[in-house]
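The values are calculated or read from the model by the stated rules, or taken from the named source; none is laboratory data. Just so you know, these numbers come straight off a predicted model, no measurement behind them. Don't worry about glycine lacking a Cβ; one is built from the backbone with ideal geometry, like all the others, and counts go over all protein chains shown. Ligands, DNA and RNA are excluded from the accessible area calculation, which covers all protein heavy atoms including side chains. Shrake-Rupley method; radii C 1.70, N 1.55, O 1.52, S 1.80 Å.
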Amino acid sequence: MEIEFGYQLVFDFPQPTPLILMLEVHPSREADLLVADQIVTQPFRPISIYRDVFGNKCSRLVAPQGEFHLTTNALIYDSGEPDPIAQFAHQQDVETLPSDTLLYLLPSRYCDTDLISNSAWQMFENAPLGWARVQAICDFVHRHLNYSIDSARPTKTASQALQEGAGVCRDFAHLAITLCRCMNIPARYCSGYMLHQDGPEEPREPEFAAWFEAYLDGQWFSFDARFNEPRRGRILIARGQDAADVPVMHAFGFSTITSFNVWAEEKQTQHL
């Protein structure tokens, strides 16, 4: 299937401000693009591209003083298949894990494993290893957290989400990631688009989606503790230890968001 996706973001800057953006599709999905995913700025500003330590595509520019628009409208091919399920995927012992996965066992800005570890072992020590343990973690997070936009704040950690029992998609991801890491399962944060027509009729944030990947049986698998079911049409933008590594925009100065609109819709084929 074909998915049309994009955004219209409007900011106000009191002075010229350097920016780092993570808005373009992840390099692993670039070959699937049917219409290029390119950042359009209004007024025009030159953009330079680089890859960060996680392999994400990052854009550098200087926003002008005043109102500044960032937009794109792209098209991508997607198989339309839901997230794969591998019920018998096993969990590796830490000493046998590839070195490049060990980073995703460590505490990070929003995934404060040191504060949750004891609780995690009390809850999941007897859960079967591997896929079933990750799924048990997703089941718990899905039940425990109440989805609430009003509870969102940029400083909320996994332990705070656990204590408060509420959050948005990034909080669901952070808590599940943290519990996985506590149980010695590498887990990493993902940001991107999620197909609007897929899944249950639940409130959607007018922003980019968050989910996570767990490392089992020698590969990374997608999990989503918020919806807790396989989803179609995920379009990855960036991966990292947590949301601190993959901000949509990092501004080196003050800014105000005046409009934020994001979409991902299956393009309907027209029959003559």
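Things worth noting here:
- Per-residue 3J(HN,Hα) values for region 45-62, derived from phi via the Karplus relation 6.51 cos²θ - 1.76 cosθ + 1.60 with θ = phi - 60°, read 9, x, 10, 10, 10, 8, 9, 8, 5, 8, x, 7, 8, 10, 10, 10, 6, 10 Hz in sequence order (x marks Gly and Pro).
- Placing +1 on the Cβ of every Lys and Arg and -1 on the Cβ of every Asp and Glu, with nothing else charged, gives the chain a dipole about its Cα centre of roughly 520 debye.
- Cα shape, the chain, gyration tensor, a/c 1.5 rule: prolate
- Solvent exposure, largest accessible area first (probe 1.4 Å, DNA, RNA and ligands not counted), of Glu125, Glu213: Glu125, Glu213
- Of the chymotrypsin sites (Phe, Trp or Tyr not before Pro) in region 22-110, those whose Cβ has at most 11 other Cβ within 10 Å and which sit in DSSP loop: Phe44, Phe88
- Residue-normalised accessible area of region 2-144, expressed per residue, 1.4 Å probe, Å²: 54 Å²
- Most mobile listed residue (Phe254, Phe223, Phe208) in the chain, GNM with C-alpha springs under 10 Å: Phe254
- Evaluating 6.51 cos²θ - 1.76 cosθ + 1.60 at θ = phi - 60° for every residue in region 100-114, the Karplus couplings come out as 6, 9, 5, 4, 8, 9, 8, x, 9, 3, 9, 10, 8, 4, 5 Hz, glycine and proline recorded as x.
- Phi-derived couplings, Karplus 6.51 cos²θ - 1.76 cosθ + 1.60 at θ = phi - 60°, listed residue by residue for region 71-83: 9, 7, 8, 10, 9, 9, 7, 9, 5, x, 7, x, 3 Hz, with x used for Gly and Pro.
- Its Cα centre serving as origin, region 1-127 has a Cβ charge dipole (Lys and Arg +1, Asp and Glu -1) of approximately 600 debye.
- Look at the dipole of region 73-143 built from charges on Cβ: of Thr101, Asn126, Gly80, the Cα furthest out on the positive end belongs to Asn126.
- Heavy-atom accessible area order for Asp32, Asp114, Asp242, largest first, 1.4 Å probe: Asp114, Asp32, Asp242
- The sum of -39500 (n - 2.57) across all DSSP H runs of n ≥ 4, divided by the residue count of the chain, sets its helix-only mean residue ellipticity at 222 nm to -5500 deg cm²/dmol.
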